[in-house]
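The values are calculated or read from the model by the stated rules, or taken from the named source; none is laboratory data. Owing to the predicted nature of the structure, the values given are computational and were not obtained by experimental measurement. Ideal geometry is used to build each Cβ from the backbone, glycine not excepted, and the neighbour counts take in all protein chains shown. Keep in mind that these areas ignore ligands, DNA and RNA; they rest on the heavy atoms of the full protein, side chains included. Shrake-Rupley method; radii C 1.70, N 1.55, O 1.52, S 1.80 Å.
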Amino acid sequence: MECQESSTKIFEKFTWKIENFSRLNDEKIYSEPFIVCGYPWRINLRPKGKNGDDNLYIYLEAMQTSNMSEGWSRDVEFKILLYNQVDTNRTIVEENSRVLNENGNGIRYKFVKLSELHDPRNGFVVKDTCIVGAEVLVYNAKLEKPVKLEVPMSNLKTISPVDAELFSPTIEEVMNCNTVGKFEEVCSDNLSLIERPRKRSRKYNDLAFAALGRVLYFLKNIKVKDINDKACKDLLVLWDELKKFKFDLTWVEPQVQHALGMKSYVEKAMQVENLKDDMILLELETDRLKAKLAAAKVNLDIERDLLKAKGIKERDLDSELVSGSREVGETEQEKSSVEKFEKFTWKVENFSRLKTGEVYSEPFVIGGYPWKICLYRDKDEHDDLEIYLDAVETANMSEEWSRHVKFKLVVFNQLNTSMTITNDFVDGEFNASKSYLGFADFMKLEKLRDPNKGFMVDDACILGAEVYVRKSTNETRLNQAANFNASLTFGNQISHMEEEVQRQNQGFHFQYLKSFSPVSTLFCIEPTNPNDAEMFSPSNEELVDFSSVEQIEETDNPSLVEHLSKTSHNFADFAFAALGRVLYFLKNRKVRDMNEQGCKDLQVLWDELKKFKFDLIWIEPQVQYALGMKSYVEKALQLEKLKENIVALQLEMERLNAKLVGAEVSFDIEKDLLKAKGYEERDLDSELGYGSWRP
């Protein structure tokens, strides 16, 4: 993205290069998100037309994020461009100005007929690539905060106490601060400031007014958002120093006490603000990866067509190169005679203060798949508490995905565990049409809220789930090769998870959400050095003693034995060793291992084997198949990695959403406490002193 300047306006320009344009099958495609004047945008393009209309439509879309409040709007001037790559003078430009809001967050233009677009003589699609762009100027934005691309903590300057013996400025120097109101205004409203110092020495007066100036300077220049623990300590040091001079400070003390009393309010407000900032960045990154995913799918489709043209069948990345293979779409399921249950608990605090009737836990991973608990409660005490287990839908799911699961849900009694309410285990199927299962009448809300019953203690209840995944189809398990022991404890909801192999009556312990590791590192086979042949002379029995390689006698190729019967014993050993290494490679490597290094390794082994003049017609197709998979595997792994990253972002978004609910409840409590102290709620970016020092 680059900036284009004129004498009166500053536009920001974004261009989007769309490759493999003719291969796009989606009804609409999106660019990666981009930031203009601090606000997120994306381009939406309809490559097949719209509702049967044979025209190319391009949209400029204001992305909606959690930074927007109800009634938001952006006043913008813009250009949408379809570039002509042969003659720039024929580039098509649509420009206008518009106010975008929640009722209309996009701008649409019809550009050219699709037949005209795809005609290579017109220059809009060159080498199957189309380029579109947008230039945008945001004049004004209302009820929307700019996106923070970097969200650093405020670097508040440390205010150290001043040594009275070393600091002796004049009154004029003390009051010569650009952002502090004129000192005469303060003195005219508080005559005691002038009357009392007349009886003191000039040096004493200078020190006294210096102390007063530091407090006023602090209140005037520090913003509400800066009142953290360190700032409160700094202000308290300055205030204690000022009180030593025995001024009548009743006119400024309320503002000082107000500032000191804002710490907890500011901490809760900043937690909410930071969570929203993080969620916006996650939203933008997710949309960016989804745009890349769309392009990666097109590239993989091209590779599939090339494989098909070579007569090679598409294979699952985790299948073996030769035997035991499975086609794409089939799902392996771990078989076990033991039902492997895992448990998750969720402590919901400030239950009575929750704003919405529907509340979700943070996501948790059981059986390699992500879940969350949903509870629904009505304000009517006579209604029921509804609890559901919800399968979190992610980019790892294909059409017609399903999970066959055995589970139960729990509401814990915190005073008497024998009174804990649970349902019998349920066998159910989660799928695209029904992604949640549970109970609409788990228990009465009146019973839940009764403090004498033990389900609600200190306005907190504890829910749980116990889950065993029997089988899943058309869904990739989360990559859980690497774990991180980070407990999911947050403001108002605390989540724990535990795994058990055999069901036992055990308590629920802390949850550890499992991370998502990068694509596994491929094992590198060192090629055999021909110069080492004299040192390598195993027996025939040793050569075929590979745990996963079929015996060479079963290859149904008697020419192997006939050919070598005419050679020396050592030559035969070397020949069968070379054959064994190729067979071992083909048997033990998976399709996903055929990257550039894997292909180089197999090529070395194959070239070595051919030197022994075997009749290799029976195995050559499998070797060539493996060597021809490199480009397909690279594209498939790229797609797989993008999906893994998107899933990780989706789960993190779910986690932050749940965390935000708790943070907003805590913030509401702080607002009420602030109001009870007689203080009004303040904008985090406002100054502590309101620009005036009048009492």
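Just to confirm my filter: which strands (runs of 3 or more DSSP E) fall fully inside the stretch 407-514 and include at least 2 residues that are modelled with pLDDT of 70 or more?
426-431, 436-444, 461-475
Any idea how many residues of the stretch 123-150 are over 18 Å from Asn105 (Cβ atoms), of a type in the set (A, V, I, L, M, F, W, C) and surrounded by 13 or more Cβ atoms within 10 Å (Cβ to Cβ)?
So the answer is 6.
Could you grab me the full set of residues in the stretch 587-601 that are assigned to a helix (DSSP H, G or I) and crowded, with 20+ Cβ neighbours inside 10 Å?
Val591, Arg592, Asp593, Gly598, Asp601
Here are some conditions: (1) open to solvent by 40 Å² or more (accessible area, probe 1.4 Å); (2) modelled with pLDDT of 85 or more; (3) farther than 30 Å from Thr286 by Cβ. His563 meets all but one. Which one does it not meet?
The failed condition is (2).
Considering only the stretch 341-352, state which residues are outside any loop (DSSP other than H, G, I, E, B), open to solvent by 10 Å² or more (accessible area, probe 1.4 Å) and touching an Asp or Glu at 6+ places or on another chain (Cβ under 9 Å).
Residues satisfying the conditions are Glu342, Ser352.
Starting from residues that are polar (S, T, N, Q) and out of contact with any Leu (no Cβ under 8 Å at 6 or more places or on another chain), keep the ones in the stretch 640-675 and report whichever is most open to solvent (accessible area, probe 1.4 Å).
Among them, the one singled out is Asn657.
Can you name every one of the helices (runs of 4 or more DSSP H) wholly within the stretch 209-318 that holds 2 or more residues which are open to solvent by less than 20 Å² (accessible area, probe 1.4 Å) and touching a Ser or Thr at 6+ places or on another chain (Cβ under 8 Å)?
Correct list: 263-309.
Give Leu637, Leu688 a once-over and let me know the one that is touching a residue at least 12 places away in the same chain (Cβ under 8 Å), farther than 29 Å from Arg592 by Cβ and in contact with a Leu (Cβ under 8 Å, 6 or more places away or on another chain).
Step by step, each of Leu637, Leu688 is checked, and only Leu688 is touching a residue at least 12 places away in the same chain (Cβ under 8 Å), farther than 29 Å from Arg592 by Cβ and in contact with a Leu (Cβ under 8 Å, 6 or more places away or on another chain).
Checking the structure you have, find out if any residue of the stretch 652-670 is out of contact with any Ser or Thr (no Cβ under 7 Å at 6 or more places or on another chain), farther than 30 Å from Arg353 by Cβ and not hydrophobic (A, V, I, L, M, F, W, C).
Scanning the stretch 652-670 turns up no residue that is out of contact with any Ser or Thr (no Cβ under 7 Å at 6 or more places or on another chain), farther than 30 Å from Arg353 by Cβ and not hydrophobic (A, V, I, L, M, F, W, C).
Let's see how each residue does on (1) without any contact (Cβ under 8 Å) to a residue 60 or more places away in the chain; (2) surrounded by 15 or more Cβ atoms within 10 Å (Cβ to Cβ):
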| site | (1), (2) |
| --- | --- |
| Glu386 | yes, yes |
| Thr394 | no, yes |
| Glu399 | no, no |
| Arg403 | no, yes |
| Ser435 | yes, yes |
| Met443 | yes, yes |
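Kindly indicate the residue of the stretch 80-92 that is polar (S, T, N, Q) and in contact (Cβ under 8 Å) with a residue 12 or more places away in the chain and also most open to solvent (accessible area, probe 1.4 Å) among those meeting that condition.
Only one residue fits best here, namely Gln85.
Could you please find all residues in the stretch 58-79 being open to solvent by 20 Å² or more (accessible area, probe 1.4 Å) and not polar (S, T, N, Q)?
Result: Tyr59, Glu61, Met68, Glu70, Gly71, Asp75, Glu77, Lys79.
I'm trying to understand the selection: among the residues of the stretch 76-122, which are over 16 Å from Glu135 (Cβ atoms) and of a type in the set (Ser, Thr, Tyr)?
Listed by number, the list holds a single entry, Ser115.
Tell me the residue from Lys50, Lys13, Lys28 that is charged (D, E, K, R), open to solvent by 30 Å² or more (accessible area, probe 1.4 Å) and under 24 Å from Asn140 (Cβ atoms), please.
Among Lys50, Lys13, Lys28, only Lys13 is charged (D, E, K, R), open to solvent by 30 Å² or more (accessible area, probe 1.4 Å) and under 24 Å from Asn140 (Cβ atoms).
For the stretch 321-331, indicate whether the set of residues that are crowded, with 19+ Cβ neighbours inside 10 Å and of a type in the set (Ser, Thr, Tyr) is non-empty.
The answer is no, given that none of the residues of the stretch 321-331 is crowded, with 19+ Cβ neighbours inside 10 Å and of a type in the set (Ser, Thr, Tyr).
Could you tell me whether the stretch 615-634 includes any residue that is in a helix (DSSP H, G or I) and more than 20 Å from Lys310 (Cα to Cα)?
Checked the stretch 615-634: no residue is in a helix (DSSP H, G or I) and more than 20 Å from Lys310 (Cα to Cα).
Determine whether the stretch 353-369 contains at least one residue that is open to solvent by 60 Å² or more (accessible area, probe 1.4 Å), modelled with pLDDT under 90 and polar (S, T, N, Q).
Yes: the stretch 353-369 contains one or more residues that are open to solvent by 60 Å² or more (accessible area, probe 1.4 Å), modelled with pLDDT under 90 and polar (S, T, N, Q).
Can you find a residue that is surrounded by 17 or more Cβ atoms within 10 Å (Cβ to Cβ), assigned to a helix (DSSP H, G or I), of a type in the set (Asp, Glu) and touching a Leu at 6+ places or on another chain (Cβ under 8 Å) anywhere in the stretch 602-614?
No, that holds for no residue.
All but one of (1) under 30 Å from Gly368 (Cα atoms); (2) free of Cβ contacts under 8 Å to residues at least 12 places away in the same chain hold for Leu660; which doesn't?
The number of the failed condition is (2).
So for the stretch 575-584 (the condition being surrounded by fewer than 19 Cβ atoms within 10 Å (Cβ to Cβ) and in a helix (DSSP H, G or I)), does at least one residue qualify?
There is at least one residue in the stretch 575-584 that is surrounded by fewer than 19 Cβ atoms within 10 Å (Cβ to Cβ) and in a helix (DSSP H, G or I).
Return the residues of the stretch 93-122 that are in a strand (DSSP E or B), of a type in the set (A, V, I, L, M, F, W, C) and open to solvent by less than 40 Å² (accessible area, probe 1.4 Å); say none if nothing qualifies.
Scanning the stretch 93-122 gives Leu100, Ile107, Phe111, Val112.
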